[in-house]
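Chemist: Dumping the structure here so I can ask a few things about it.
The values are calculated or read from the model by the stated rules, or taken from the named source; none is laboratory data. Here the structure is a predicted model, which is why all the values come from computation and not from measurement. Cβ placement follows ideal geometry from the backbone for every residue including glycine, while neighbour counts extend to all protein chains displayed.
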Amino acid sequence: MTPRWSVVIPAFNESQRLPPYLEQVVAYFEGRDEPYEVIVVDDGSTDGTADLVEGQGLPAVKVLRRQPNQGKGAAVRAGMLAARGAYRLFADADGATPIEELKRLEPMLIGGADVVIGSRVLVDSGVSVTTRPHRVAAGRVFNWLVARTGLRGVADSQCGFKAFTAPAAGRLFEALATDGFGFDVELLLLARAVGCRIVEVPVNWADQAGSKVGVLRHGPGMLWQILRARSRVSRARP
């Protein structure tokens with residue numbers, strides 16, 4: 001049976017943070033009583049993440065093992081292209097965005113959007129975003145820079161909670177070339193270039209310990225990836 005939803009979770013050394021979130025994801029979809037699948041893409045972990053997930057014995061969860069580590073963008077791309085669902089979500093392994101926030105994205109897809117992205121920046125009295133002050137400041141600077149590379153009108157390009165229709169996912173992830181953390185921006189630039197309808201909605205989000213992304217460590221590389229992606233997308237336009 002074709003899944004209604006596919007959930008792709010990229011994981012690199014997530015043996016501590018992933019299992020609790022995975023249980024929440026499975027419990028949520030089991031409560032919906034509809035076909036679904038969860039694809040954990042193990043991106044070259046060295047801490048036994050893949051074995052731990054398989055050891056949980058969850059029938060709807062499968063592990064896609066990749067060696068060596070190739071980057072978050074490459075992991076999400078592999079998972080999305082392996083997915084079979086009519087709708088497809090990728091979510092971060094730390095569970096910073098609760099899986100229940102899918103209820104905010106799903107109506108937009110049903111209503112005709114091709115891509116729906118969760119946002120930690122858009123203001124809504126019904127949601128709560130908990131993060132450290134320095135990450136808020138860094139995020140604002142990063143989004144300001146992203147807007148000036150051509151992705152205007154998107155408040156938060158980097159939230160790791162994005163949903164797609166199957167046709168949009170196939171088209172966009174086939175074309176995605178950024179392997180690292182800057183892949184979100186290329187994805188949205190591609191979506192704009194091919195005329196996808198993009199909707200951004202506020203979601204609950206809470207900063208989690210053990211983040212793999214550091215502003216000083218990864219920021220310059222991400223900006224370089226974004227500039228290269230903008231050049232690729234511009235060249236590909238008719």
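Chemist: So, of the residues in region 157-189 that are touching a Leu at 6+ places or on another chain (Cβ under 7 Å) and assigned to a loop (DSSP other than H, G, I, E, B), which turns out to be modelled with the highest pLDDT?
Modeler: 176
Chemist: Give the residue that is modelled with the lowest pLDDT, with candidates limited to residues of region 106-129 that are buried (at least 22 other Cβ atoms within 10 Å of the Cβ) and touching a Gly at 6+ places or on another chain (Cβ under 9 Å).
Modeler: Applying the filter and picking the extreme gives 120.
Chemist: Enumerate the strands (runs of 3 or more DSSP E) found wholly within region 1-105, keeping only those where 2 or more residues are within 19 Å of residue 209 (Cα to Cα).
Modeler: In region 1-105, the matching strands (runs of 3 or more DSSP E) lie at 5-11.
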